[in-house]
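Scroll down for the structure; my scribbles are underneath it.
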Amino acid sequence: MPLSSTVYANPSPPAFDPANYSNGNGLTRAKAIVLLSRSEAGGVASEASWVAHFYPRSKVVHQVLTTWDEGKRYDILTVETSAMHKIILWFDVTLIFKD
């Protein structure tokens, strides 16, 4: 299922805008955060902004983009929080890759 694995850093993500997202808290696939961006650059920026907003002073330590699965694609981030805990966050990036 994983297609690629990349760790990215964005030292200064854009301001958080709730209009860029839909759905859940990202802690499970069923509660994935739906990115409403239609561009890859916008999606990456939206992920960075969401993580910075909900997990200040955290960092993304691993990223995997899945292949198509039941009509959806996900970006799965492993985030190390400021308290040094690791969490997995699911982002539904389907809109970025739809024609």
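Readers should treat all values here as calculations from the given coordinates under stated rules, not as data from a laboratory. Remember, it's a predicted structure, so these values are computed and weren't measured experimentally. Cβ placement follows ideal geometry from the backbone for every residue including glycine, while neighbour counts extend to all protein chains displayed.
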Practice prompt. Could you go through the range 65-73 in sequence order and give the Karplus-derived ³J(HN,Hα) for each residue, using 6.51 cos²θ - 1.76 cosθ + 1.60 with θ = phi - 60°, rounded to whole Hz, and x for Gly and Pro?
Written response: 9, 7, 7, 5, 9, 6, x, 9, 10
Worksheet entry | Sum of side-chain charges, Ala45 neighbourhood, beta-carbon under 13 Å (Lys, Arg +1; Asp, Glu -1) | -3
Fill in: Gain in span if fully extended, Phe16 to Arg57, counting 0.36 nm per residue against the direct Cα distance
13.3 nm
